[in-house]
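Please read the structure below before turning to the comments.
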Amino acid sequence: MSRTLEENLVGRRVLITGAARGIGAGLARRLHERGARVGLLGLEPELLEQTATTCGRAPWRRCDIRDRRAVEDSFDYLADRLGGLDVVVANAGVTPPAHIVEGDPEVMRYAIEVNVMGTYHTLRAAGPYIGHRNGYALVVASSTTFSPLRGVHGATRGGAEELGGALREEMKPLGTRVGIARLGEIDTDRTLIDFDGLAVPPPRGSALTRTSSITVAVDALERGIAGRKNRIYAPSRVPGSDSVRMLALRATEMTRSIELRAHAAVPARGRVEGEGAA
C-alpha cells in the first residue's frame, strides 16, 4: 500500500536556505504542518525568527551562503539541533538584471557568488549529513535558464542546476537522491524586486510576464520532497513544452542570423574599409 504525502514527510529533518521570506518561508511552514522538523537559514534575522516561530520554534541561523565557513558552521548547528538531516533545500538565490552590455559587472559577480558558489557551499556542506538511503537534496533552479530573454539570470541558475546534476551522480552509491526544481516566474520579492529595491518589469513581449503564486511553487516542492523526485516543475510542465521552447529558440536564432546578415550587407555610416582591423 502506497504511503500518503503526509506520511512521507512526518519526522523528516529538513534544512532550507533562503527561508526568511518567499518560497523558502512558505515551504518551511508547509513542511512543518505536515509533521517535518525544519531548520532555517537566511539573511534577515527578524523574518527568520518569525518563520521559525510559526514552525514550532524551529532552529534557525543567519547565514550568507557566499561564506563557506559560515555555511559549514550553520549546517553543524542545525543538524545538531535536529538530530541529523534527511533533506536539504538549496533555495537561496538572487535574480540579476537582464542586461549584459549595460549591466553592472559587480552585480553579475554577486549573482554568481550567491547562485553558483552559494549553491556549491550548500551542497558541499550537506553531503556528510544526507549521505544515507533516505537522504535528499533539492536544488531550486529556473525554467527560464535557456531563455534568451533571461540569459543572465539563466547563466547563474543554470550553474546551480549543473551542480545538482553532478551531486546526483556523486551521491548515488550512498542511496542519496538529488532533485532539480525548475520554477517559472513566481510572484515573490526575488522575481519582482531588483538589487537596488526597485521593481523590475518582466521582459517585453515575453510569456514570462505571467507569474504564478507562491502556493503553486510550494505545492510542487512539497510533492517533490515527499517523493524524492529527480525533476520538479512549477507551474507543472505541459507535455511537449520543452519541444515548443526549443523550436521557439531556434526561430529566434534564425531571425537573429537573418538580421545580422542584413546588417553586414549595409556599410556602417562613416566606416572606412579596414578600419578597426588588427
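Read-outs: derived from the displayed coordinates by stated rules, not from any lab. Worth saying up front: this structure is predicted, and the values here are computed from it rather than measured. Glycine also receives a Cβ, built like all others from the backbone with ideal geometry; neighbour counts cover every protein chain displayed.
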Check: What net charge is computed for the residues neighbouring ARG223, neighbours being all others with C-beta under 12 Å from the C-beta of ARG223, Lys and Arg scored +1, Asp and Glu -1?
Finding: +2
Check: Taking H as built 1.01 Å from N, whose amide H comes closer than 5 Å to the amide H of HIS132, not counting residues under 5 places away?
Finding: THR176
Margin query: If amide hydrogens are placed 1.01 Å from N in the peptide plane, which non-local residues have theirs closer than 5 Å to the one on ARG37?
Written below: GLY11, ARG12, ARG13, VAL14
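How large is the convex hull of the C-alpha atoms of region 1-51 per residue, in Å³?
Values: hull volume 3.2 nm³, N = 51.
Given the Cα convex hull of region 1-51, per-residue volume reads 63 Å³.
Length gain on complete extension for the stretch GLU7 to ARG62, per 0.36 nm per residue less the alpha carbon to alpha carbon distance?
Full extension of this stretch gives 16.8 nm more.
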Checklist line | Per-peptide average of other Cβ atoms within 10 Å, ordering 221-231, 3-13 highest first | finding: 221-231, 3-13
Next item on the list: Pick out, in residue order, every one of the trypsin sites (Lys or Arg not before Pro) in region 63-141 that is DSSP loop and has at most 11 other C-beta atoms within 10 Å; say none if there are none.
Entry: ARG133
